[in-house]
Amino acid sequence: MIGHWILYTLPFCGASRAPPDIGETLVESIEHTTYEVTDRVATITLARPDKANAQSETMLDEVDHHFRTAEQDDEVGVIVLRAEGKHFSAGHDLELGPDNPVLYEEDGSWQLHKLYNWEAKKYFGYSWYWRNIPKPTIGAVQGKAIAGALNLIWPLDLLVVADDVQFSDPVTLMAIGGVEYHGHTWEVGARRAKDMLFTQRPIRADEALSIGLAREVVPRDELWDRTHELAAEMATLNPFGLAQAKRAVNQTLDVQGYYAALQSVFDIHHTGHANAITVSGFPVIMQLGGMKDKLKDKEKGS
Ligand code: ZN
């Protein structure tokens, strides 16, 4: 267990302090997600299947709004995050437009501090907040869960996956050392994390089950019903007991340095962006289209 190693070698770095609440972003309308409460289960659904649930800022603000609504609702015992369509999420939506902020300068140049501050809130900050909500959270994951998708998945407590699931983080193809919320090493172990990052190899359903990443694997058409059934069963338990059970496990990770590690890897992530800006003038070295082409080539070859 990586955690034990950190506990014994870095005893004074382990007592990480939770960051201050980043605060809720005002959401004026809900467009890319849905939210419902049934059987004491709040269900947040990514609803942009035509874009493979790519995450724009708008979508992330909505997801955060739903998580906070569920957190504050005494009628909600368990929170489910799921996604419409073939794939859970293709990662971050980097397209310019109304759903994303302009982070570069008028002349097209980039200043790292603007990107850093924005990602610290919208990527790392949101994920960390969701991880600490004192109610169990369950992910229902199908199809591809690529790169930024992991920022949504790693913070969740349990995962039910479809038999076609693929977890991957190919951003090394863009000369970045992994996405902003580095749960990888904690969730799949050090060598597998390196394998994911070095080779872009996805973790599929059987492997996810065998390493304890997934709680169970079900056929795609049973994913939502089975996840809801599990959540509803858990939601009958005493909420304080559930909150304390979650806190017991999370606190154990935290004293082993979980938060300190996540925070420092977020900064490592930004050395990737900084390097790319100095080399190419853009925060990633290969543009997104180039990464997609390269992944398609790899799939054809495998
Ligand atoms: Zn980034």
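Count of the stretch 246-302 residues, restricted to those that are within 15 Å of the ligand (Cβ to nearest atom), assigned to a helix (DSSP H, G or I), at pLDDT 75 or above and of a type in the set (A, V, I, L, M), is 6.
When residue 155 is tested against (1) touching a Gly at 6+ places or on another chain (Cβ under 8 Å); (2) surrounded by fewer than 19 Cβ atoms within 10 Å (Cβ to Cβ); (3) modelled with pLDDT of 95 or more, just one condition goes unmet, and that condition is (2).
Annotation note: Cβ proximity below 9 Å between a residue of the stretch 156-176 that is farther than 30 Å from residue 228 by Cα and a residue that is among the charged types (D, E, K, R) and away from the ligand (no atom under 14 Å from the Cβ) (sequence gap 6+ or interchain) occurs for 170/294; 170/298; 173/294. Among the residues of the stretch 24-54, those identified as of a type in the set (A, V, I, L, M, F, W, C), crowded, with 16+ Cβ neighbours inside 10 Å, farther than 13 Å from residue 85 by Cβ and touching a strand residue (DSSP E or B) at 6+ places or on another chain (Cβ under 8 Å) are 41, 42, 44. Inspect the stretch 109-129 for any residue being modelled with pLDDT of 95 or more, more than 28 Å from residue 282 (Cα to Cα) and buried (at least 21 other Cβ atoms within 10 Å of the Cβ) and give the result as yes or no. Yes: the stretch 109-129 contains one or more residues that are modelled with pLDDT of 95 or more, more than 28 Å from residue 282 (Cα to Cα) and buried (at least 21 other Cβ atoms within 10 Å of the Cβ). Take residue 175 and decide whether it is touching a helix residue (DSSP H, G or I) at 6+ places or on another chain (Cβ under 6 Å) and farther than 23 Å from residue 64 by Cβ. Taking the combined requirement at face value, the residue satisfies it. One residue stands out in the stretch 26-77 among those that are among the aliphatic types (A, V, I, L, M) and in a helix (DSSP H, G or I): the one that is farthest from residue 96 (Cα to Cα), namely 70. The set of residues in the stretch 176-211 being within 16 Å of the ligand (Cβ to nearest atom) and among the aromatic types (Phe, Trp, Tyr) consists of 181 alone. When you check residue 135 against the structure, is it out of contact with any helix residue (DSSP H, G or I) (no Cβ under 8 Å at 6 or more places or on another chain), within 28 Å of residue 226 (Cβ to Cβ) and modelled with pLDDT of 95 or more, yes or no? When the stated conditions are applied, residue 135 does not pass them.
Where helices (runs of 4 or more DSSP H) fall wholly inside the stretch 81-162, the ranges with 1 or more residues that are within 16 Å of the ligand (Cβ to nearest atom) and more than 20 Å from residue 202 (Cβ to Cβ) are 112-119, 126-131. Pairs linking a residue in the stretch 178-193 that is over 17 Å from residue 271 (Cβ atoms) to a residue that is within 16 Å of the ligand (Cβ to nearest atom) and not in a loop (DSSP other than H, G, I, E, B), with Cβ atoms under 6 Å and 6 or more positions apart or on different chains, are 193/184. For residue 153, state whether it is of a type outside the set (Asp, Glu) and in contact with a helix residue (DSSP H, G or I) (Cβ under 8 Å, 6 or more places away or on another chain). No, not satisfied.
The values are calculated or read from the model by the stated rules, or taken from the named source; none is laboratory data. What you see is a predicted model; the values in this text were computed from it and never measured. Every residue, glycine as well, gets a Cβ built from its backbone with ideal geometry; the counts of neighbours run over all protein chains shown.
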